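Presented below is the structure to which this report refers.
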Amino acid sequence: MKNYLFLLMAIICEIIATTALKASEQFTKLWPSVLVVVGYSLAFYFLSITLNKLSLGIAYAIWSGVGIVLVSIMGLVIYKQKLDTAALIGISLIVIGVVVINVFSKSSAH
């Protein structure tokens, strides 16, 4: 369970960093750029802790799947970026894949 907490922390840091990446305007804005570097650094640190107990593929699938959904929500809320039907279907399939991995896969143990 503790591994999933570290994975959640990695996901949150990655979402903050990715959201700040757009605000950094190609690293021309100082504070969003700092947030990008710190956020990604923390994200990879927490992901590395997670990999002590979870397999790489499973941890990365969860990280990227949840990250895609949450970054899409942040894009909608902060930057008013809308998703079309095809994007929503694709994101839904990613979520379904993450659920299938977590519920049915025996590969999650290291």
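The values are calculated or read from the model by the stated rules, or taken from the named source; none is laboratory data. The shown structure was predicted, so the numbers you read here are calculated from the model rather than taken from an experiment. Using ideal geometry, Cβ is built from the backbone for each residue, glycine included, and neighbour counts are taken over all protein chains shown.
Miscellaneous remarks
- Test for LEU8: is it touching a helix residue (DSSP H, G or I) at 6+ places or on another chain (Cβ under 6 Å), surrounded by 15 or more Cβ atoms within 10 Å (Cβ to Cβ) and not small (Gly, Ala, Ser): no
- Members of the range 57-104 that are of a type in the set (Phe, Trp, Tyr), surrounded by fewer than 15 Cβ atoms within 10 Å (Cβ to Cβ) and within 18 Å of LEU21 (Cβ to Cβ): TYR79
- Every test in (1) over 19 Å from ILE101 (Cα atoms); (2) in contact (Cβ under 8 Å) with a residue 12 or more places away in the chain is passed by SER55 save one, and that test is (1).
- Looking across the range 1-50 at every residue that is aromatic (Phe, Trp, Tyr) and closer than 18 Å to SER64 by Cβ, the one that is modelled with the lowest pLDDT is identified as TYR4.
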